[in-house]
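The next block holds one structure in the form of structure tokens; read it before the comments.
The values are calculated or read from the model by the stated rules, or taken from the named source; none is laboratory data. Predicted model, so just to flag it, every value in this text is computed and none were measured. Note that each Cβ is placed from the backbone with ideal geometry, even for glycine, and that neighbours are counted across all protein chains shown. To get the accessible areas, we keep the full protein, side chains included, count just its heavy atoms, and leave off ligands, DNA and RNA. Shrake-Rupley method; radii C 1.70, N 1.55, O 1.52, S 1.80 Å.
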Amino acid sequence: MARDYTYRPIPLEFETLSADDQRSRLTEFQSRMAKRRTVRHYSSAPVEDDLIDRAIAIAGAAPSGANMQPWRFVVVRDPDVKRRIREAAEEEERTFYGRRAPDDWLSALAPLGTDWTKEFLETAPCLIVVFRVDYGIEPDDEGGERHIKHYYVSESVGIACGFLLAALHVAGLATLTHTPSPMKFLSSILARPRNEKPFLLIPVGFPASEAVVPAITRKGLEEIRLTV
Ligand code: IYR
């Protein structure tokens with residue numbers, strides 16, 4: 001089936017808020033988001049499928065280059081698959097921390113208390129593995145396939161991941177952005193096709209009762225915002 005490249009505008013649905021409502025919604029969201037922390041210690045308490053599905057639907061509402069929506073979210077719950085992901089990630093991370101990482105990188109990570117062990121990949125009840133889809137594949141008229149170009153893929157998937165993390169946090173779930181490097185093993189364990197590349201691995205769940213987090217600070221507005 002040929003693609004439709006026609007421009008078909010429809011009326012915009014837009015809710016104009018009162019100044020008070022703008023402020024109060026943002027105050028609520030700001031205090032909620034300020035409390036988000038990356039969690040590395042999980043309990044085995046289960047997470048409802050419906051929450052994960054809704055959060056992924058919210059991520060799927062992110063803007064993307066030419067609206068190609070170049071993302072795929074793989075939800076992993078099977079303990080055996082989680083174990084294989086942990087084993088493969090730890091193998092990579094062991095060489096990263098032991099040999100590959102330059103000293104300045106290790107120093108930058110020291111305040112976060114990370115190391116090569118990735119127990120959270122098995123204890124968290126759910127992992128969402130985000131793949132970037134570098135090009136689309138569609139059947140052509142001759143029974144073969146055609147590649148569809150995707151644009152600004154990292155920017156698009158990065159924005160979708162931001163939506164996803166915010167949605168999961170608002171739903172009262174703990175998350176972690178994990179980027180084992182390299183993460184090619186995720187393509188084979190999860191049997192993803194060659195047009196998809198692993199982008200981010202997000203464990204989702206509830207913090208272990210003894211969970212701790214590093215005492216980090218955030219840059220103030222005056223440091224991150226310039227007005228011209
Ligand atoms: N991928 C490693 C190292 C790591 C790198 C960065 I940049 C971090 O912000 C945190 C960890 C790991 O997951 O431990």
For CYS126, enumerate residues with amide H under 5 Å from its amide H, sequence gap 5+ or separate chain, H modeled in the peptide plane.
VAL204
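Just to verify a number: FRET efficiency for SER188 and THR6, C-beta to C-beta distance, R0 = 41 Å, to 0.05?
Here the calculated transfer efficiency is 0.55.
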Karplus-derived 3J(HN,Hα) from phi for segment 21-36 (6.51 cos²θ - 1.76 cosθ + 1.60, θ = phi - 60°), whole Hz, x at Gly and Pro, runs 5, 4, 5, 6, 4, 6, 4, 4, 5, 4, 5, 5, 5, 5, 8, 5
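Express in nm, to one decimal, how much length is gained between GLU145 and THR16 on full extension, taking 0.36 nm for each residue of separation and deducting their alpha carbon distance.
On the way: separation 129, 0.36 × 129 = 46.44 nm, distance 4.48 nm.
42.0 nm is the gain from fully extending GLU145 to THR16.
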Could you give me the ³J(HN,Hα) list for segment 158-164, computed from phi with Karplus coefficients 6.51, -1.76, 1.60 and θ = phi - 60°, whole Hz, x at Gly and Pro?
x, 5, 4, 5, x, 4, 4
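What is the dipole size for the chain, taken about its Cα centre, with +1 at each Lys and Arg Cβ and -1 at each Asp and Glu Cβ, in debye to the nearest 20? Working shown, then result.
Details: 30 positive and 33 negative charges, 98 e Å.
The dipole of the chain has a size of about 460 debye.
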Residues whose placed amide H lies under 5 Å from that of SER43, excluding near-sequence neighbours:
PHE206, ALA208
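When the gyration tensor of the chain is built from Cα positions, what are the square roots of 5 times its three eigenvalues, in whole Å, from largest to smallest?
Ellipsoid semi-axes (Å, largest first): 31, 28, 18.
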Sequence gap at least 6, Cα distance under 8 Å: using those rules, report the relative contact order of segment 40-126 to the nearest whole percent.
50
Regression test value, accessible area per residue of segment 36-208, probe 1.4 Å, units Å², expected 50
In whole Hz, what ³J(HN,Hα) sequence does segment 166-171 give by Karplus (6.51, -1.76, 1.60; θ = phi - 60°), x for Gly and Pro?
5, 4, 5, 5, 4, 7
Whole-percent carbon and sulfur contribution to the accessible surface of segment 36-208 (1.4 Å, no ligands, DNA or RNA) stands at 53
Evaluated over segment 97-184, the Cα radius of gyration and Dmax, each in Å:
18.2, 57
By how many nm would the segment from ARG77 to ALA211 grow when fully extended, if each residue of separation counts as 0.36 nm and the alpha-carbon distance is taken off?
46.1 nm
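Grab the beta carbon distance between SER181 and ARG23, set R0 = 30 Å, and tell me the FRET efficiency rounded to 0.05. It would help to have the intermediate numbers written out before the result.
Details: r = 42 Å, r/R0 = 1.39.
Result of the calculation: an efficiency of 0.10.
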Could you tell me the center-to-center distance, by alpha carbons, between segment 69-119 and segment 174-200 in angstrom?
11
State the answer as a single residue: which of VAL47, THR175, PRO214 lies farthest towards the positive end of the charge dipole of the chain, with beta carbon charges of +1 for Lys and Arg and -1 for Asp and Glu, about the Cα centre.
PRO214
Positive minus negative residues near ARG132 (Lys, Arg vs Asp, Glu; Cβ under 9 Å):
0
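Over 32 Å between Cα atoms: which of LYS82/LYS219; LYS35/LYS149; LYS118/LYS219; LYS118/LYS149 fall into that group?
Details: LYS82/LYS219 35 Å; LYS35/LYS149 39 Å; LYS118/LYS219 28 Å; LYS118/LYS149 36 Å.
Among LYS82/LYS219; LYS35/LYS149; LYS118/LYS219; LYS118/LYS149, the Cα-Cα distance tops 32 Å for LYS82/LYS219; LYS35/LYS149; LYS118/LYS149.
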Under a 5 Å amide H to amide H cut-off, with H placed in plane at 1.01 Å, what residues pair with ARG132 once short-range neighbours are removed?
LYS197, PHE199
Cβ neighbours within 10 Å, averaged per peptide: list 123-135, 172-184, 215-227 in order, most packed at the top.
123-135, 172-184, 215-227
